[in-house]
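Working notes, beginning with the structure itself.
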Amino acid sequence: MITLVIKSSKLVHPYLKTNVAFPPRENLEYENLEEGVNNSIPYIWKSVYRLQNRMVKMPHRHGNGHGLALRCLLLLVVVSSTVCLNRDMMQRFDGWYNSLTNAEWGSTGETLRNNIPTNYKDNTYQPSGSERPSARLLSNIVFRKNISGPTVSFQNRTALFAFFGEFVIYEITDTDTSTCPVEILKIPIPQCDDSFDRECEGNKNMPYSRIQYSTSTGQSPNAPRQQVNAATSFLDGKINNISLPYENYPSASTNTLTARNLLWKLGNTHVYENPALLSLGLLFFKWHNVQAEKLETSPESKDWSSDRVFYAARRWVIATQQNIIMYEWLPLLLNTEIPKYTGYKSSIHPGVTSIFDAAAIRYLMTLIPSLIQKRLCNTYWRSQEILSESIHTLENIFQGLTSQPAEAEDPFIVEDLQSKFYGPLHFARHDLAALTIMKGRDYGLPDYNTVRSCLGLKKKMTWEEINPELYRKYFWIFEELSRVYKSIDDLDVFVGGMLETTELGPGELFSKIILDQFITIRNGDRFWFENLEHGIFTEEEIQEIRNTTLYDIIVEATNINIEDIQRNTFTLTNRCPVNVLLPDEVANCTQHQGYNYFHGSEVAYIIIWVCFGLLPFLCVLAAYICAKYKQWQHRRRTKEYERQNNVAKISDLEAAGNVYKANEWLGQDEKPREVMLRLTKYCHLEVFDAKKKLLRTVKLAAIHPLEVWVTNNKGRTALLIKIPKEYDMALIFPSETQRSMFEESLNKELKNHHLEKQTVPVRMQIFCSRAFTKKKRNTMLEKVFKTVFSEAFQMDYDPDLDTDIEDRNKSEILEINLTKEEFAEALSMKSSSDFVETMFCKIDKDNDGYISFREFLQAVVLFSKGTSTNKLERLFQVFDLEDKGSLQRDELTRLFRSLLEKADSDVDENTVKKLVDSMCNQAGMAGSPDLEFKDFCQIMSPILGNHESVYLNFNGETTSNDLDDEFWKVLRESSTECSPSLSISRKSSIGNFLNDLDINTMMTDGRERVEAEREKYTPLKAKWKSFKHYLENNRQHIFFLIIFYGIVIALFAERFYFYTVEREHSGLRALMSYGISVTRGAAAGMSFTFSLLLLTMCRNIITGLRETTLNLYLPFDSHVAFHKIVAWTALFFTGLHVLGYAFNFYHIATLPTNMLCILDSVVLRSDFVPTFDFWLFGNMTGLTGVLLVVVLCIMYVFSTQTARRYIFNMFWLTHKLIVPMYILTILHGASVIVQKPMFFVYFTGPAILFTIDKMISLSRKKTQISIIRAENLQSDVTYLEFKRPARFEYKSGQWVRIACLAQGKNEYHPFTLTSAPHEDTLKLHIRALGPWTWTLRHIFEPENLRNQPYPKLYLDGPYGAGQQDWYQYDVSVLVGAGIGVTPYASILKDFVHMSSINCHYKVKCQKLYFIWVTGTHRHFEWLLDILREVEEVDVKRVVSIDIFITQFFQNFDLRTAMLYICEEHFQKMSEGRSVFTGLKAATHFGRPQLNKMLQAVQRAHYNVRKVGVFSCGPPGITKSVERACVEASKNTRTLFDHHFENF
């Protein structure tokens, strides 16, 4: 390995000292410093070297600020070295403290001096010369070398002279660093440019990156922009600054970057630009070792420490460099004598001027030849590779440079610089002359004549005056310039200065600038080798230094013999023949090419974002699979349970004989259902389901002949029986054998009854396509009902507009016939009901067993548009089976019994008879065995006469017309004859009350009569009404939502504005457009919303706050709903953030690396080109962002309502990912790529509160609770009673979370307590809806328990809910629907108990109204038991209960009216108990008119100013209650305060 060894105060390069083989492209590394001899380098510098060596060996990127930290540490070490070393005697590497009065003068990072006024376009920072010609055009006109053949220096200057001049430039200037953010100026390329526009497009541009400037400048005309010089302005031997070159340019020939860790650590970045510069760098590197060896062998310095030897050798190297540059090279450049040194001047600023850097010193490019053994343009940034080709390459290069002439002293520049200069990856070739022109404009340099005037030179008035000799030889150049420039006063200073060039060298302007600059550097350098006052060197040493030439250094430091190189290395001598190679003799320059930074990222970009897009669907798929698996498990358990229960039933059915199992095929998209077939002796085919429920009876004897289809392919298992006027019976048997057995039985039964049968073999495809299935039959019936109802009720339906009805099917609608089963199904009644039987017989006038379309239409029209007399007459005729004009008591009893069957009443036949007798007695017909039509009207009068709103049309609209006059005529006649004392009021409201007093007066319980509403809104009308009252219904929630979204939008807008306007100078928006503004705004919204999520789930804290006055102003009841809103808002900003970075990453991945300097914490090696996958996976920010997207997708998908219902355990498990989510979020912003992390500002407070809340939950000892009693009730409700833990205090209406150990100890589910706080045990009523609740129900089946003990429970809670505030109001109204009645069970018991013990100091409430809305009381019979218990304890009648049964009012209004009659008379017979519920509570049929009910409550409690209304159930019921509260609050002086909870 080739190593750079630091020992004995020398910098030794083995390749230059020995003949060791030099393998190409080897690394140049430090030897372990601890192994050095005599600890030769000061400890402080050892640390510097170690640090830099570690940075070299680090991976190609120092993400997340590691590289920045090391650089800062290195800076601290360097600064510390100032303390350790004597600043008066030791010359610092960074140039600081050279001047003791102005320490920063001439140091690295100092701004260029402006010795002439700047001429920025806006006097501040905009480049000058914006109206001047294109720099590339000027370069082609002035600097392009159009002369065939080589041109050599007129002064016989060698190529070494030219390249040494370039070495000098990089010794005192380093202004190649671009601004950050990078500012790009476009250089228009002339159309058809042979190097940059070969396609003649005419729209090409050459990029120019503006030079880094001091941020303290460029803000106002008083402080115009000043560029920064990264090098010291002193001649201080920067080659001794051993370090890794941080800048790296691509090889122009290969357009690839060299790995930085493979480069030798020679300090100055630019020495690698071409082989000549690198050779000079290695020369002075070796020269240091030569001096160190001399000092070590000198008797005077034998006792010196290695530190002193090192710095002494460094001083000699610097001194010899200063001497060669100032007194050997500079006089030859300017062809003039250099003024003698007169001593150090502390008042002179040694800084480099902008005119020197951007114009004058750039004259040297005209001298540089295009050949150094190889073509210059093909050696850029391949110098180390070339020097490594042979161990003699260094000597060969110096021999060639000293024997090869430089280019002629003229304005022309070789193609290697003028068109084939190196550039960045994306623009491989550049024009150095054009870049120099642009640099002058970038610096704000004034025009050529202005500069001359400022420097005391005469202005040039004509083009010829610039250089008369050049004008005569190349007059066309000046003519072109006069054409493109408006005037000579617009001429760029670099162009004008170069045009002054003569055969003697630079012209008047550049000579003056260059001489002044070097004199200034010499006189302002306190460490200049001739400064005797400083005492660095003695006069003898100074003289020795003056006598040292570059020739001496080359001879002593290399293996070149003295006879192999001329003494005057800068000027060709006669004894050295001129060696000139023509460009055609070497390889041509490679052409200009661009670089696609996105190359290689296309596939990754597409795949990654496609994966991101598919990720939610994959999560949905995973959730779907889990849910299906859970459902499969649940169905398997349910089927097993049903199978065990149905075994006995099926066995009984099969014992009857002629029973066959099959699947009924219902249609193409329908799932076949399992059926059992039985042939009876009456030639009937009975069809049963798996539960032995009769589905259908087919009278085979009525079909002549019987047509049967059998399939002759695909297993031959299908059979179809064609049934006229009905749908076909399509059967699929398990096997062909079983089908054959069924056919044999069918044939036998038909033969016994002398019936014919036609068997038609068909293929399975025809079987499926032509079978008239139940699905097709239902579709046809739906069209029939639509047509009938549109005719009867003028509904908005036109069969001609129904796209499903074809012309050929319209006639089929008219010919359709309804069976008795279909008629019963349309009425939602049983086909065996007496009401259905009699009604069907009356409508079926032709007695063919079917109702035709016309018969059905006439019946519907009669019951919808007919008069009341017609309706009563039809009902009378339905039960007058013998058409004798009268009804017997038994027939009337049968009528009411059929109605009670529909209402699921358990009233026996004797009770119904008593009920009929009571009704007849009240109507004055106690002794009448037969009832005529007028008597029937008299019985109906209490309901039909008093309550006109009972009448309901089929379309759900209440009629407003009074009963017809004929009805009142009949009623008056009957009332006169039968009961003169009966009073009839036509305009009173419906009501059932605990004590039936005067209909228009207040009742004994303080309530007015309430009325059941049978109004059905159309969907459009319901939406309009909902929108109309939306703001009023949700005013408190909307207020806080406005605050919430106001904060979120403000945060987004502030960040968006900040990155769009206030941080415009940072360059982020220039790089990523408005994507950065959107993503940062979205990040602010995400930080706020994701932090706020924690607050919404602090259940214990929220429960505690509910007891404070804050509950009056904050809707704590809606914290779960608000949690969902915040979560969806966070998801929106997350999507916006991810989508924004999809564009941001694309922009970043297509940009050059130097433009990424604005990302301070991302430090990239100069040879590393980041790709898209690096930004996504190669740094902590990108990787954590990807993980966050995955985590959030999983959490959100498994948080949906469907997921919670079917796979709650997965929801609970995935929600625990919130902890890694917050950790990843913190890490995501910790890299500080764009801004300092702000997430903790939003997160800290909620995180602390959430932690406290969790600690409260954990403080509850997790103990196993024993179940005392468990029972599976009807309506899929499971009742649990378990021990009450010690010190478990709760309020009625609160809820708890339980976990059943049989299903996992960590899966908790919330349920409302149905026990009262005064009870010793806790009770729950759990309805089976999802897999967990169904499994719980199966666990407590007696068959599954088998005398085993109940499983244990874990309990967490209690937690507050809106229902618990019922006691804070004088009057409270509770409205429950469905399972939403659960919290009111606890409240009712608690209130009655508190009232019974007169505990008014705890409960403010004095009256409680409970409204139960249910489809049928059968749904929640367990609640009836609780209500009975409440009625027994409620001796003070402080609780008022109303039950609204909504299931059957929609079918026939007349039937509903008769149910009222039954209910009213049964209450009189049973001391006020309902015939349906057995309660004293009022039972209504229909939906409650909540508005009127609340107004009645207000009138009953007119002194109460605030009534609490609590509702729980589906969203529909809570919205109705909210509307009623709003309307009642408007119409009364009482405020109805609504609290609701949905499920």
- Query: Quick one: length gained pulling K1283 to R1035 fully straight, 0.36 nm per residue minus the C-alpha distance?
  - Reply: 85.1 nm
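Provide the net charge surrounding T759, with neighbours chosen by a C-beta distance below 9 Å and charges set as Lys +1, Arg +1, Asp -1, Glu -1.
On the way: positive: K757; negative: E707, E743.
With Lys, Arg at +1 and Asp, Glu at -1, the net is -1.
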- Filter on K845/K934; K820/K913; K420/K486; K630/K1216; K439/K512; K1291/K1530 - keep pairs with C-alpha separation over 23 Å: K845/K934; K820/K913; K420/K486; K1291/K1530
- Query: Tell me, what is the per residue accessible area of the range 1156-1224 in Å², probe radius 1.4 Å?
  - Reply: 39 Å²
- Message: Once neighbouring chains are kept in place and the probe is 1.4 Å, which whole percent of the accessible area of the range 281-373 is contributed by carbon and sulfur?
- Response: 51 percent
- Query: When the accessible area of the range 1170-1325 is computed with all protein chains present and a 1.4 Å probe, what percentage of it is carbon and sulfur?
  - Reply: 65 percent
- Protein-only accessible surface order, largest first, of I1218, I606 at 1.4 Å: I606, I1218
- Query: What nm value, rounded to one decimal, do you get for the distance between K294 and E533 when each label is placed 7 Å out toward the C-beta?
  - Reply: 2.7 nm
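So, with a 1.4 angstrom probe, what is the percent of accessible area on the range 446-505 that is carbon and sulfur? Could the numbers behind the result be given before it?
Numbers: 1450 of 2810 Å².
Carbon and sulfur: 52 percent of the exposed surface of the range 446-505.
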- Note on the structure: In units of 2.2 N^0.38 Å, the Cα radius of gyration of the range 663-745 is 1.06
- Note on the structure: In order over the range 1136-1143: 3J(HN,Hα) from phi, Karplus 6.51/-1.76/1.60, θ = phi - 60°, whole Hz, x for each Gly or Pro, gives 5, 5, 5, 5, x, 6, 4, 7
- Message: For T571, what accessible surface area do you get with a 1.4 Å probe? Give it in Å², rounded to 10.
- Response: 20 Å²
- Query: For labels at K714 and S214 in the simple 7 Å Cα→Cβ model, what's the distance in nm?
  - Reply: 9.0 nm
- Row for the range 1212-1281, column shape: gyration tensor on C-alpha, a ≥ b ≥ c, rounded if a/c < 1.5 i.e. under 1.5, prolate if a/b over b/c, else oblate; value prolate
- Message: Taking the full set of protein chains and a 1.4 angstrom probe, give the accessible area of W476 in square angstrom, rounded to the nearest 10.
- Response: 120 Å²
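I'd like to check one number: the per residue accessible area of the range 1244-1325, probe 1.4 Å, reported in Å² as a whole number.
Details: 4000 Å² over 82 residues.
Solvent-accessible surface per residue comes out at 49 Å².
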- Query: Quick one: ranking Y727, Y1057 by accessible area, 1.4 Å probe, largest first, what do you get?
  - Reply: Y1057, Y727
- Which length gain, in nm to one decimal place, applies between K1404 and E670 when the Cα-Cα distance is subtracted from 0.36 nm times their residue separation? 258.5 nm
- Message: Starting from the 7 Å offset along Cα-to-Cβ, what nm value, one decimal, do you get for the label separation of S1396 and Q631?
- Response: 4.7 nm
- Note on the structure: Per the C-alpha gyration tensor (a ≥ b ≥ c, the square roots of its eigenvalues), the range 1082-1224 is rounded if a/c is under 1.5, else prolate if a/b beats b/c, else oblate; here it's prolate
- Query: Taking a 23 Å limit on the Cα-Cα distance, which of the listed pairs K1389/K1436; K722/K748; K1389/K1519 fall beyond it?
  - Reply: K1389/K1519
- Task: Could you tell me the accessible area of F1116 in Å² (1.4 Å probe, neighbours in place), rounded to the nearest ten?
- Result: 20 Å²
- Task: Starting from the Cα gyration tensor of the range 414-570, take the square roots of the eigenvalues, sort them a ≥ b ≥ c, and report rounded, prolate or oblate (rounded when a/c is under 1.5, otherwise prolate if a/b is larger than b/c, else oblate).
- Result: prolate
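Rank these residues by their accessible area, most exposed first, probe 1.4 Å: H1318, H1228.
H1318, H1228
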- Note on the structure: Here the FRET efficiency for K1124 versus Q1368, based on Cβ atoms and R0 = 25 Å and rounded to 0.05, is 0.40
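Net charge near D490, counting Lys/Arg +1 and Asp/Glu -1 over other residues with Cβ under 15 Å of its Cβ?
In short, +3.
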- Of the GluC sites (Glu not before Pro) in the range 1275-1379, which ones lie in a loop per DSSP and count no more than 13 other C-beta atoms within 10 Å? E1289
- Where only protein heavy atoms count, and the probe is 1.4 Å, what is the accessible area per residue for the range 1326-1388 in Å²? 30 Å²
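The values are calculated or read from the model by the stated rules, or taken from the named source; none is laboratory data. Keep in mind the model is a prediction, meaning the values are calculated, not measured. Here Cβ is always computed from backbone atoms with ideal geometry, including for glycine, and neighbour counts include all displayed protein chains. When the accessible area is computed, the model is the full protein with side chains, heavy atoms only, and any ligands, DNA or RNA have been set aside. Shrake-Rupley method; radii C 1.70, N 1.55, O 1.52, S 1.80 Å.
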